[in-house]
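The values are calculated or read from the model by the stated rules, or taken from the named source; none is laboratory data. Note that the structure is predicted; figures quoted are calculated from it, not measured. Positions of Cβ are generated from backbone atoms using ideal geometry, with glycine treated the same way; all protein chains shown enter the neighbour counts. Heavy atoms of the whole protein, side chains included, go into the accessibility calculation; ligands, DNA and RNA do not. Shrake-Rupley method; radii C 1.70, N 1.55, O 1.52, S 1.80 Å.
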Amino acid sequence: MTETRLRFPPSPTGYLHIGGARTALYNWLYAKKTGGKLILRIEDTDAERSTQESIQGILDGMKWLGIDWDEGPYFQTEFESEHEAMANKLLAEGKAYKCFCTKEELDIKREAAQKNKTTYGYDGTCRDLDASVVAEKEAAGLPFVIRFKVPAIDGEIGYDDKVLGRIKAQYSEIEDFVIVRSTGKPLYLLCNVVDDIRDRITHIIRGSDHMTNTIRQVLLYNALDAPVPVFAHMPLTLDTKKAKISKRKHGEIVAVQFYQEKGFIPWALSNFLVLLGWSPGNDTEFFSKEELIDTFSLERINKTNSIFNYQKGNAKFFTDPKAISFNEHYLRTMPIEEIAAMVKPFLEAEGLWDSSYDGDKKEWYTSTIDLIRDRFQMLSDFGDRGRAYFSDEFTVEQKPLKKNVLKHEGLKEWLPMLADRYEALEEFNLESAEQTARDLATELEIKPGVIINGMRTVVTGQLAGPSMFDILMAIGRERVVTRLRGVAKLYEIAV
RNA sequence: GUCCCCAUCGUCUAGUCAGGUCCAGGACACUGGGUUUUCAUCCCAGCAACGCCGGUUCGAAUCCGACUGGGGACGCCA
């Protein structure tokens with residue numbers, strides 16, 4: 001049994017998007033499952049659109065997602081001479097020919113065909129040009145492209161797709177496609193095949209938008225006397241209007257980097273993405289990497305396109321709700337040490353990180369993260385809604401301010417009173433803090449909730465949060481006392 | 001327009017290949033309830049789909065055929 005070899009060949013014309021990430025993921029999963037290799041190949045032959053920045057973005061995106069590769073990155077441009085050599089080989093063997101038709105001529109024919117409502121395929125003007133004519137035109141310096149000579153046979157050619165089944169097409173319906181530009185640069189269809197042959201690729205998993213390319217590439221494999229790899233065309237990811245998702249059209253919402261910045265847990269995104277077009281056949285939705293590698297199979301890839309349920313302008317869900325729920329699930333259930341480590345960069349970005357969180361305050365840091373993680377959905381929430389736990393500079397939100405503080409004029413005195421009692425407490429712990437607050441409420445003949453919720457807002461700036469007395473312990477007596485005494489200024493700002 | 005592919009809740013999907021166990025299961029979302037002196041987590045319940053028509057069959061989500069709908073490809077892009 002030969003080793004399985006897969007590849008992920010992005011073109012560096014923009015950041016890594018979730019569709020590409022999903023493709024990479026499937027290839028990676030299958031390589032891991034079969035004990036094979038994943039090759040990363042940057043297809044940068046489109047010099048005009050390729051950028052160094054994109055290359056870095058793709059590499060970073062893959063690393064963040066945890067998709068590692070075994071070989072590469074290779075750069076397609078490094079193999080240009082090989083591509084040219086193969087084109088010349090096809091030419092020499094009579095499997096390809098030079099075509100002198102100009103772009104303008106072809107455009108005219110194409111337009112004419114459209115007027116007559118017929119399809120235009122290359123009409124073969126130069127297909128059987130006499131060698132002397134070719135030599136003459138070349139001598140005259142006429143530019144030419146190289147076209148592949150599709151065998152003039154009746155019948156059909158096809159391949160067995162692991163997802164879609166047998167795919168076939170009539171030879172007569174395939175036009176003689178261009179494999180080398182008039183500039184002498186080989187085109188994708190050829191380069192891709194030549195590279196895959198050289199890299200000994202055994203399985204090609206890619207989007208079903210490549211289906212028609214595959215037919216032509218099978219022709220190329222045959223002409224080059226190379227074995228045809230196994231193809232698996234995965235369904236496309238569409239937007240809610242059923243259009244293919246693209247960087248141009250959808251912008252950052254489809255960029256992997258966006259999810260990184262938003263505070264997604266990489267594996268949560270991967271897990272979600274994998275399930276867009278594949279399922280294990282049972283009700284399992286959450287997988288560890290190992291479990292997923294173990295369960296993944298080409299045969300269970302769906303045929304139906306799936307919709308990435310992102311609703312523009314939805315205030316509650318900034319992206320697909322299910323993706324968010326996956327992130328929440330992992331945020332709540334992953335080992336707290338892992339979460340704590342992932343939160344670090346987000347606190348750093350907000351200037352809230354303290355080196356002691358990695359040292360003697362590590363236990364405090366970890367338990368605080370643990371205390372508040374249930375209510376958050378993104379890693380970024382810790383440095384945002386969770387700010388009050390790490391800094392004295394936090395904003396008090398308007399809604400809770402009105403509801404929990406301003407509504408009760410008395411809190412202006414009550415909270416400082418509570419602060420005094422907390423300060424005087426011999427021992428400031430869960431029980432004593434609660435008892436003190438409740439005693440005060442009883443004395444003042446008010447509901448404990450008034451004190452508690454007022455305190456919550458003053459101490460954390462938030463409407464809701466964990467159990468109040470747990471919060472007190474996390475924030476610490478000193479800070480609590482100061483914040484409670486500062487209640488008066490909240491009435492001032494509000495007016 | 002031509003060729004190709006696809007078709008189950010709003011969304012992701014199980015079930016289709018080997019027809020009965022499916023008046024269709026799970027998840028997200030949504031609604032209601034329980035827990036919580038907050039909010040969330042968590043738990044329980046509810047809502048919600050086999051595109052249409054015909055055929056085969058004792059029996060069809062499942063097989064066959066049309067129709068309809070959706071998508072993709074038709075570049076000297078990748």
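Give me the extension gain from A:SER467 to A:ASP420: residue separation times 0.36 nm, minus the current Cα-Cα distance, reported in nm with one decimal. Walk me through the intermediate numbers first.
Details: separation 47, 0.36 × 47 = 16.92 nm, distance 2.15 nm.
Extending this stretch completely gives an extra 14.8 nm.
Only Lys, Arg, Asp and Glu count, each charged at its Cβ (+1, +1, -1, -1), so figure out the dipole size of chain A about its Cα centre, rounded to 20 debye.
Numbers: 65 positive and 76 negative charges, 333 e Å.
Dipole magnitude for chain A comes out near 1600 debye.
Taking amide hydrogens as modeled 1.01 Å from N in the peptide plane, which residues meet the under 5 Å criterion relative to A:ILE301, leaving out close sequence neighbours?
Counting only residues 5 or more places away or on other chains, the set is empty.
Ordering A:LYS447, A:LYS149 by accessible area with a probe of 1.4 Å, largest first, what comes out?
Numbers: A:LYS447 150, A:LYS149 55 Å².
From most exposed to least exposed: A:LYS447, A:LYS149.
If you check each cysteine of chain A for another cysteine whose beta-carbon is under 4.7 Å away, which ones come up empty?
A:CYS101, A:CYS191
Give me log10 I(q)/I(0) at q = 0.11 Å⁻¹ for the range A:294-420, Debye formula, one equal scatterer per alpha-carbon, no solvent.
Results for the range A:294-420 at q = 0.11 Å⁻¹ read -0.60.
Could you state the number of Å between the C-alpha centres of the range A:259-311 and the range A:127-183?
39
Angle, helix A:430-444 long axis vs. longest principal axis of chain A, Cα atoms, 0 to 90°, nearest 10?
60
According to the square roots a ≥ b ≥ c of the eigenvalues of the Cα gyration tensor, what is the shape class of the range A:96-205, taking rounded for a/c under 1.5, prolate for a/b larger than b/c otherwise, and oblate for the remainder?
Values: a/c = 2.09, a/b = 1.38, b/c = 1.52.
Verdict is oblate for the range A:96-205.
Looking at the square roots a ≥ b ≥ c of the eigenvalues of the Cα gyration tensor of the range A:335-389, which shape do they give, rounded for a/c under 1.5, prolate if a/b is larger than b/c, or oblate? Could you put the intermediate results ahead of the total?
Working: a/c = 1.58, a/b = 1.16, b/c = 1.36.
It is oblate, given that a/c is not under 1.5 and a/b is not larger than b/c.
Between the helical axis of A:80-92 and the dominant principal axis of chain A, each derived from Cα atoms, what acute angle in degrees is found, rounded to the nearest 10?
The two axes meet at around 30 degrees.
Excluding A:TYR97 itself, what net charge comes from residues whose Cβ is under 14 Å from its Cβ, given Lys and Arg +1 and Asp and Glu -1?
Details: positive: A:LYS89, A:LYS95, A:LYS98, A:ARG127, A:LYS137, A:ARG147, A:LYS149; negative: A:GLU93, A:ASP123, A:ASP128, A:ASP130, A:GLU138, A:GLU175, A:ASP176.
Computed value for this residue: 0.
Sequence-distant or interchain residues sharing an amide H contact under 5 Å with A:ARG41, placed H: which?
The answer is A:PHE8, A:TYR74.
Under the Karplus relation 6.51 cos²θ - 1.76 cosθ + 1.60, θ = phi - 60°, what is the ordered set of whole-Hz ³J(HN,Hα) values for the range A:293-307, x standing for Gly and Pro?
4, 5, 8, 4, 8, 5, 4, 9, 6, 6, 9, 8, 5, 10, 9
For A:LYS247, which lysines qualify as cross-link partners when the Cα separation must be under 19 Å and same-chain residues fewer than eight apart are set aside?
Qualifying lysines at Cα under 19 Å: A:LYS262, A:LYS312.
Any lysines with Cα under 21 Å of the A:LYS412 Cα? List them, leaving off those in the same chain fewer than 8 positions away.
A:LYS399, A:LYS402, A:LYS403, A:LYS447, A:LYS489
Using only protein heavy atoms and a 1.4 Å probe, report how much of A:THR304 is accessible, in Å² to the nearest 10.
100
Quick one: Karplus J couplings for the range A:48-55, per residue in order, coefficients 6.51, -1.76, 1.60, θ = phi - 60°, nearest Hz, x for Gly and Pro?
Per residue, the Karplus-derived 3J(HN,Hα) values read 5, 9, 7, 9, 4, 4, 5, 4 Hz.
Counting only the heavy atoms of the protein chains, how much of A:THR237 is accessible to a 1.4 Å probe, in Å² to the nearest 10?
Looks like 10 Å² after rounding.
How far is helix A:336-349 tilted, in degrees, relative to the longest principal axis of the Cα atoms in chain A, given as a value from 0 to 90 rounded to the nearest 10?
Computed tilt is about 90 degrees.
Rounded if a/c is under 1.5, else prolate if a/b beats b/c, else oblate: with a ≥ b ≥ c from the C-alpha gyration tensor eigenvalues square-rooted, which is chain A?
Details: a/c = 3.33, a/b = 2.91, b/c = 1.15.
Because a/c hits 1.5 or more and a/b exceeds b/c, chain A counts as prolate.
Rounded to the nearest 10 Å², what accessible area does A:PHE272 show when all protein chains are kept and the probe is 1.4 Å?
It works out to around 10 Å².
Please list, ordered by chain and number, the residues whose modelled amide H lies under 5 Å from the amide H of A:HIS203; skip anything fewer than 5 residues away on the same chain.
A:ARG5, A:VAL230
Grab the Cα-Cα distance for A:THR119 and A:TYR188, subtract it from 0.36 nm times how many residues apart they are, and report the gain in nm with one decimal.
22.5 nm
Would you work out the charge dipole size for the range A:398-494 about its Cα centre, treating the Cβ of every Lys and Arg as +1 and the Cβ of every Asp and Glu as -1, and quote it to the nearest 20 debye?
Numbers: 14 positive and 14 negative charges, 139 e Å.
Dipole magnitude for the range A:398-494 comes out near 660 debye.
Sketch the reach of a paramagnetic label on A:ALA315 as a point 7 Å from Cα along Cα-to-Cβ, and name the residues of the range A:370-410 whose backbone nitrogen lies under 16 Å away.
It comes to A:398-400, nothing else.
Just for chain A, what percent of DSSP beta bridges are antiparallel, to the closest 5?
Numbers: 16 of 31 bridges.
For chain A, the DSSP antiparallel bridge percentage is about 50.
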